[in-house]
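The values are calculated or read from the model by the stated rules, or taken from the named source; none is laboratory data. No experiment lies behind these values; they were computed from the predicted model shown. Cβ coordinates were reconstructed from backbone atoms using ideal geometry, including for glycine residues, and neighbour counts include every protein chain displayed. Note: areas computed on protein heavy atoms with side chains; ligands, DNA, RNA excluded. Shrake-Rupley method; radii C 1.70, N 1.55, O 1.52, S 1.80 Å.
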Amino acid sequence: MKENKKTKTSKLFLNMFFPLITIVLVSGGLLAFVSNNVIKRYVQTSAFVSIERLNSNITAFFTPVELTISNFARTAEKNYDEDVLRTTLYSLADGIDFSNGLYYGSRKSRFDGGMYLDSTGWEPPAEWEPANRPWFQGADMENGKIHFEEPYIDDQTKNLCVTIAKGVMENDGKVIGVVAVDLMMDEIDRMVRDISVSEHGSLYVLSADGKYLTNDDPEKITVADYFSESAIKEEASAFLDGELKAVIKKGMYYAAGRIGDTPWFIMAEGPVSDFSSEFTRIITCFEILIIFLSIFFAFFNLKVVKNLRAGDRSLGRKIFTESQNLVLASKENASTAQSQSSSIKEIVATMEDNNAMSENIATKIKDVASVANATNDNVANGVCYLEVNVNQLQEIAEANTNTIESIKELGGKIENIWDIVTIINAVADQAKIIAFNAELEASSAGKEGKNFHIVATEIRRLADSIIDGTKEIKESISEIQNSSDNLILMSESGTEKIKVGVENAKSLENSFISIKNASEITASSATDITTIIQQQAVASERILDMLRQISRSIDGFESMTGDVSSASEKLKEIAALLN
């Protein structure tokens with residue numbers, strides 16, 4: 001387990017470290033790519049700035065000279081007096097630094113009225129003509145513009161010199177003379193040395209054909225070709241086209257720009273590493289720092305993750321324990337729900353049986369009510385018959401024989417009454433049994449059967465009353481039968497005994513009235529019992545519906561408990577995986 005834990009820790013560390021180091025390397029590569037382009041732009045900008053600075057300095061060096069010769073040219077265009085021109089020439093020459101002299105030559109030969117003036121006092125040989133000199137001819141071709149002669153090495157000073165000339169124009173546009181000055185270019189060389197593009201970079205002033213005009217090696221000036229010695233491998237005419245341009249090749253930068261109105265160019269070169277080395281060191285230090293920070297944060301994250309994993313394991317154990325308890329509770333709930341569902345279903349079945357029994361009792365009570373109503377009708381008829389008998393007994397003296405026959409008929413009817421009473425007694429016994437069973441069912445129904453228990457008790461009490469009444473009816477019937485027999489025997493003896501029969505008939509009439517009242521009460525009670533039983537049946541049906549709904553709810557709860565149990569099992573598995 002320790003080895004497995006160590007392996008997992010190593011994998012976790014590597015999974016944290018490698019993404020960080022990958023991001024560092026990718027960001028370093030992107031940074032290097034971007035920085036390379038930035039360095040290129042910076043190199044070009046630095047080279048252009050250096051070239052422009054040198055160009056500005058050299059132009060500033062030439063500008064006073066150009067103004068001086070331009071001023072003299074304007075004077076010579078308007079004044080041909082030699083003395084005036086000489087005085088002007090000497091005066092202007094004093095304001096020119098680094099000069100070998102200011103001079104002026106006309107187109108006409110000196111022997112034809114021309115002139116040659118030199119601020120140094122040099123007198124040319126007799127055969128020497130200004131119009132034949134290169135500086136004169138070059139300015140003549142420039143048509144009034146400043147002309148820069150090709151630089152040369154002065155024989156006496158051995159310094160690089162350059163002649164700057166300008167033609168003096170007549171009104172018709174022809175050149176009548178040229179004013180020129182010889183400048184030493186030592187100051188330009190100093191300007192080149194004062195400006196540096198980079199630590200190992202160099203600046204040169206080149207002629208239009210690529211010859212050195214400034215160089216640390218004097219032997220190369222105006223002789224060696226820069227493009228032949230340099231690794232740029234470009235044609236001078238293609239690279240020195242007057243436009244400011246720069247290129248980077250093989251770790252070197254090359255830039256060129258024209259010097260003002262001169263035909264010369266400034267060339268800058270040097271290694272790109274002068275600009276990139278410091279930046280590269282910064283990037284390297286930055287990436288090393290990021291790597292160390294990545295390692296530190298990898299260890300820090302590893303520690304945090306390990307603490308989190310420890311907390312997760314503790315939480316997983318708690319979840320596992322709680323989910324296990326939840327599973328047990330869910331199973332117990334499911335078992336309880338099943339038991340409750342079974343109990344409710346049994347209660348529903350019992351209530352359905354009770355409902356059916358109530359309907360059966362209601363049917364039978366209706367039959368009892370029908371029989372009671374029929375008994376009531378029969379008793380009413382009997383009362384009518386007794387009234388007729390009383391009247392006949394009162395007339396018995398007139399028709400004793402008819403009385404005996406009526407008494408016999410009355411005996412037959414009494415037999416019928418006896419049958420009816422027997423039926424009533426049987427119905428009462430049946431109602432008593434039904435009431436007893438109803439009391440048992442009402443007792444098992446609990447609170448819902450309380451009212452029905454009262455009704456069943458009332459039914460049983462009423463049945464007892466009916467049985468007691470039928471006993472009285474039986475006794476009365478027995479007395480009537482005895483009286484009838486005696487009446488038949490005594491009717492033959494005399495009228496006196498007929499009076500006794502009349503009295504007995506009246507007593508019988510009263511008994512029948514009582515029976516009639518009892519029958520009416522029985523019929524009314526049976527009707528009330530039927531209504532109560534019907535109401536009880538409706539209440540039982542509602543209770544049955546509620547129990548069915550409870551049963552369905554318990555079934556749903558049981559299904560939901562199963563789902564909870566299943567979810568608890570899954571939660572238990574998840575807790576085990578989390579551990």
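For the range 74-85, take each phi angle, set θ = phi - 60°, evaluate the Karplus expression 6.51 cos²θ - 1.76 cosθ + 1.60, and give the result in whole Hz per residue in order, putting x for glycine and proline.
5, 5, 5, 5, 10, 9, 10, 6, 5, 5, 4, 5
Ignoring ligands, DNA and RNA, what accessible area per residue does the range 181-270 give at 1.4 Å, in Å²?
On a per-residue basis, the range 181-270 sits at 46 Å².
Viscosity 0.692 mPa s, temperature 37 °C: what is the translational diffusion coefficient of the range 168-244 from Stokes-Einstein with a Kirkwood Rh over Cα pairs, rounded to a whole number of µm²/s?
Details: Rh = 15.2 Å.
Value of D from the Cα-based Kirkwood radius: 217 µm²/s.
Which ³J(HN,Hα) values, rounded to whole Hz and listed in residue order, are derived for the range 134-141 from phi using the Karplus coefficients 6.51, -1.76 and 1.60 in 6.51 cos²θ - 1.76 cosθ + 1.60 with θ = phi - 60°, glycine and proline given as x?
x, 5, 5, 5, x, 5, 4, 6
Counting only protein chains, not ligands or nucleic acids, how are E66, E219, E170 ordered by accessible area (probe 1.4 Å), most first? Please report the intermediate quantities before stating the final value.
Values: E66 40, E219 145, E170 70 Å².
From most exposed to least exposed: E219, E170, E66.
G101's amide H: which non-local residues (gap 5+, or another chain) put their own amide H closer than 5 Å, with H modeled 1.01 Å from N in plane and none for Pro or chain starts?
Close amide H contacts, sequence-distant or interchain: D182.
Highest mean first, how do 203-213, 131-141 rank when packing is the count of other Cβ atoms within 10 Å averaged over residues?
Working: 203-213: 21.0, 131-141: 17.7.
Final packing ranking: 203-213, 131-141.
Starting at 0 and stepping by 5 Å, how many percent of the alpha carbon pairs of the range 87-205 end up in each bin?
2, 11, 17, 20, 19, 12, 7, 5, 3, 2, 1, 0
Mind listing the long-range amide H neighbours of L206? Cut-off is under 5 Å, sequence gap 5 or more, other chains count too, H placed in the peptide plane at 1.01 Å from N.
Under 5 Å from the amide H of L206 lie the amide H atoms of L213, F265, I266, M267, each far enough along the sequence or on another chain.
Just to make sure I understand: if all protein chains stay in place, what is the order of H200, H147, H453 by accessible area at 1.4 Å, largest first?
Ranking H200, H147, H453 by accessible area, largest first, yields H200, H453, H147.
From the phi angles alone, apply the Karplus equation (6.51, -1.76, 1.60; θ = phi - 60°) to the range 415-432 and give each ³J(HN,Hα) in whole Hz, x where the residue is Gly or Pro.
Karplus-based 3J(HN,Hα) across the range 415-432 equals 4, 4, 4, 4, 5, 4, 4, 4, 5, 4, 4, 5, 4, 5, 4, 5, 5, 5 Hz.
List the extent of the Cα atoms of the range 407-482 along each of their three principal axes, largest first, rounded to whole Å.
The Cα atoms of the range 407-482 stretch 57, 14, 12 Å along their principal axes.
Working with all protein chains in place, sort C384, C161 by solvent-accessible area computed with a 1.4 Å probe, largest first.
Ranked list, largest accessible area first: C384, C161.
Rounded to the nearest 10 Å², what accessible area does S339 have for a 1.4 Å probe in the complete protein model?
S339 has an accessible surface of roughly 60 Å² with all protein chains in place.
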